[in-house]
1. So which of I604, I568 is of a type in the set (V, I, T), more than 13 Å from A626 (Cβ to Cβ) and in the same structural domain as A626 (by TED's automatic domain parsing)?
2. Sort out for me the helices (runs of 4 or more DSSP H) sitting completely within region 562-642 that have 2 or more residues that are within 14 Å of D536 (Cβ to Cβ).
3. Given the criteria closer than 30 Å to R153 by Cβ and at pLDDT 80 or above, does T234 qualify?
4. Confirm whether V347 is in contact (Cβ under 8 Å) with a residue 60 or more places away in the chain, within 19 Å of S610 (Cα to Cα), touching a Phe, Trp or Tyr at 6+ places or on another chain (Cβ under 6 Å) and buried (at least 22 other Cβ atoms within 10 Å of the Cβ).
5. For region 509-528, state whether one or more residues are closer than 22 Å to G625 by Cα, assigned by TED's automatic domain parsing to the domain that holds L549 and at pLDDT 50 or above.
6. Please state which one of R326, R310 is in contact with an Asp or Glu (Cβ under 6 Å, 6 or more places away or on another chain), within 30 Å of Y552 (Cβ to Cβ) and of a type in the set (D, E, K, R).
7. Might you check whether a residue that is under 21 Å from E248 (Cα atoms) and within 50 Å of the chain's Cα centre (by Cα) occurs anywhere in region 163-180?
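The values are calculated or read from the model by the stated rules, or taken from the named source; none is laboratory data. It should be emphasised that the depicted structure is a prediction, and the values quoted were computed from it without experimental measurement. Here the Cβ is made from the backbone with ideal geometry for all residues, glycine too, and neighbour counts use every protein chain on show.
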Amino acid sequence: MTDIQSQSPPQQPVGIPRGPVAYAGLAAIFAVVGWLDFNLPLGLALWLLYLVPIWLSSRVVPFDHRLVFAGAVTTMGLVATSFFFSPAGAPTWISGVNRGIGILLVWIVALLLVRARRNEAALLGSEEQFRANFEMAAVGQAQVDANTGLFIRVNDRFCAITGYERDALLQMRPRDLTHPDDRPAEDPEIERILRGESEEFHNEKRYVTKQGTIRWVRVSARLIRDQAQRPLRTIAAVEDITERKEAETALLNLTGELERRVAERTRDLADSQERLRALTTELNVAEQRERRRLAAELHDYLAQMLVVGRLKLSQALQKLGPGAPREPIQEADEIFDRSLTYTRSLVAQLVPPVLEQFGLSAALLWLGEEMRRRGLTVEVDVPREAPPLSIDQAALLYQSTRELLMNVMKHSQTTQAAVTVTFGDEQPLVVTVTDRGAGFDPAVAQVARDKFGLFSIRERMQALGGSFAVESAEGQGTMATLTLPLRGEAALSGKALSVELENEVRDAGTLTAVPQRPTLSGSKLRGAKIRVLLVDDHAMVREGLKSVLSGYPDIEVVGEAGNGEEGIELARRLSPHIVVMDVNMPTVDGIEATRRMTQEHPSIIVIGLSVNASKQVKEAMRDAGAVTLLTKESAAEFLYQAIKTAVAKSDFPRESEQETLPFGG
């Protein structure tokens with residue numbers, strides 16, 4: 001194989017020779033042929049036969065004078081040999097055969113010379129093309145000897161990349177250019193390809209140039225073997241990718257900067273969301289507290305004043321003689337009654353008293369009854385024990401449930417719904433509101449959330465640390481789920497009781513006395529007054545009750561207390577027969593005071609009074625030991641009768657005879 005590593009330029013081919021050498025060869029041929037055969041036409045014929053194949057091949061492959069001269073010498077030898085075997089006087093056929101053999105040999109020599117020259121010319125052309133491609137390549141080109149590991153050939157582009165001169169590079173190895181940090185990963189691959197264990201090698205690495213700068217390159221090397229398949233050298237294409245690497249680094253830095261800024265903005269957004277959620281929580285809590293404040297104002301002042309007004313009107317009606325005009329007083333009493341009913345309704349819409357008194361379970365039972373009055377039948381399934389929630393948590397859950405039921409009434413096109421409450425020691429509190437109404441397409445869930453006010457419920461639950469989910473399908477109803485983790489920090493207030501709540505709504509009839517309770521018989525009270533203790537946190541109500549009872553000669557009001565704690569203390573000192581107990585009072589409410597009082601003094605009879613005598617309140621007072629619960633506005637008409645009936649163990653007044661309650665238990 002021709003050594004293509006030579007740096008010397010190739011000989012330039014020429015056309016058909018016309019110089020002195022060519023003519024000298026031509027003259028020599030003629031002279032020899034004429035001398036041997038004394039036949040010039042034959043010598044000319046031999047020369048032409050020699051030139052014909054050379055001339056034909058010269059139309060494709062250029063040749064030089066060396067080919068012509070070598071052919072002439074060979075032809076002279078062949079002709080001389082031919083005539084040596086055919087001396088003068090030899091038979092004609094022998095001379096003819098010998099001359100024929102000479103002619104054939106001339107043709108063979110000529111054709112062999114032409115073929116050799118053609119191969120040489122093709123090789124020279126291939127070498128020239130390779131050299132041009134090697135030197136003029138747009139990427140660096142380098143060859144490395146497989147035995148020494150040194151560069152044996154490099155092009156100008158490779159020199160430009162590395163910054164070294166060609167002669168300096170031919171004394172170096174590829175490892176000398178590689179960055180020290182990249183050598184450990186590259187050395188094993190280089191060794192493998194030089195040993196012939198690998199045919200190709202591709203890598204991206206750093207070169208340290210002569211000036212000490214860093215250039216990123218992509219190296220693609222391939223092993224070249226000799227005819228014995230032994231590793232001969234490697235040829236590598238080296239592409240300068242520094243700009244690409246710098247662009248990638250810049251892009252990576254920009255990406256990192258963008259991710260950092262996105263992370264910062266995300267944190268800022270999360271902080272803003274947390275602050276907004278905290279603000280939402282404060283707003284929700286403030287709303288619930290304001291609701292409770294307004295409800296307390298309405299209940300503790302306006303409702304009590306209306307109650308006192310009705311008591312006064314009832315007294316006035318009782319004192320009117322026969323024939324006296326009663327219509328104006330009765331009309332005023334009806335006005336007071338409607339005002340009191342409306343006040344109760346406002347209080348219930350703000351915060352149901354049953355929510356603060358007995359917790360979420362009782363409030364949801366009451367809400368089910370309220371929805372039934374509005375035309376929506378709600379099946380309420382709540383646990384027997386109230387969930388351990390703070391009043392704020394219970395209020396927010398109650399308001400959310402109420403809004404969901406209102407949505408059912410407005411949009412579901414059904415008259416039935418269900419509310420279920422579940423919780424456990426390690427389980428969150430889950431309130432589920434379901435209906436079998438029209439439902440909606442989940443694809444427009446966002447529109448539904450905005451339209452039906454579900455977004456505010458979701459934010460409210462997230463502010464509490466819980467979650468809100470809605471599942472719906474057209475024609476299959478909707479299920480809304482409120483989930484609140486119970487972390488144990490919230491508990492019911494001291495006045496909230498574990499009240500046994502029944503799912504079946506019963507008619508809240510008049511409570512009966514506790515069986516084993518010792519009571520005063522009619523014989524024991526004959527000739528003696530019934531001692532009554534009034535316990536109510538409103539002085540005007542106590543004054544009104546006292547004025548009502550003072551009209552009966554067998555009743556003696558022995559004391560008044562402004563809260564449950566004072567009532568318990570006065571009961572110890574005064575030993576009353578009857579205690580008229582308000583339910584809603586500060587410090588100790590009427591339910592707790594009744595329980596403690598009846599436990600200490602089993603003979604005392606407790607009659608409860610409340611502006612909102614709901615079913616839950618009646619059941620709680622009964623369980624605490626009260627014999628009955630009256631509405632305050634009915635006290636003027638039924639309180640004395642209730643006292644007498646309790647003392648005499650007679651039937652209590654029927655509830656139908658009392659004022660109709662604006663809402664059920």
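1. On the way: I604 fails: more than 13 Å from A626 (Cβ to Cβ).
From the options I604, I568, the qualifying one is I568.
2. Fully inside region 562-642 and qualifying: 564-574, 590-600.
3. Working: closer than 30 Å to R153 by Cβ: yes; at pLDDT 80 or above: yes.
Spelling it out, T234 is indeed closer than 30 Å to R153 by Cβ and at pLDDT 80 or above.
4. Numbers: in contact (Cβ under 8 Å) with a residue 60 or more places away in the chain: yes; within 19 Å of S610 (Cα to Cα): yes; touching a Phe, Trp or Tyr at 6+ places or on another chain (Cβ under 6 Å): no; buried (at least 22 other Cβ atoms within 10 Å of the Cβ): yes.
No: the conditions fail for V347.
5. Checked region 509-528: no residue is closer than 22 Å to G625 by Cα, assigned by TED's automatic domain parsing to the domain that holds L549 and at pLDDT 50 or above.
6. Values: R326 fails: in contact with an Asp or Glu (Cβ under 6 Å, 6 or more places away or on another chain).
Among R326, R310, only R310 is in contact with an Asp or Glu (Cβ under 6 Å, 6 or more places away or on another chain), within 30 Å of Y552 (Cβ to Cβ) and of a type in the set (D, E, K, R).
7. Within region 163-180, the first condition is being under 21 Å from E248 (Cα atoms), and the residues that meet it are 178-179.
Next, from what is left, pick out any that are within 50 Å of the chain's Cα centre (by Cα): 178-179.
Scanning region 163-180 turns up at least one residue that is under 21 Å from E248 (Cα atoms) and within 50 Å of the chain's Cα centre (by Cα).
To keep it simple, each residue is scored yes or no on (1) crowded, with 16+ Cβ neighbours inside 10 Å; (2) aromatic (F, W, Y); (3) farther than 28 Å from P428 by Cα.
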| residue | (1), (2), (3) |
| --- | --- |
| P328 | no, no, yes |
| S339 | yes, no, yes |
| P352 | yes, no, no |
| F358 | yes, yes, no |
| G368 | yes, no, no |
| R373 | no, no, yes |
| P387 | yes, no, no |
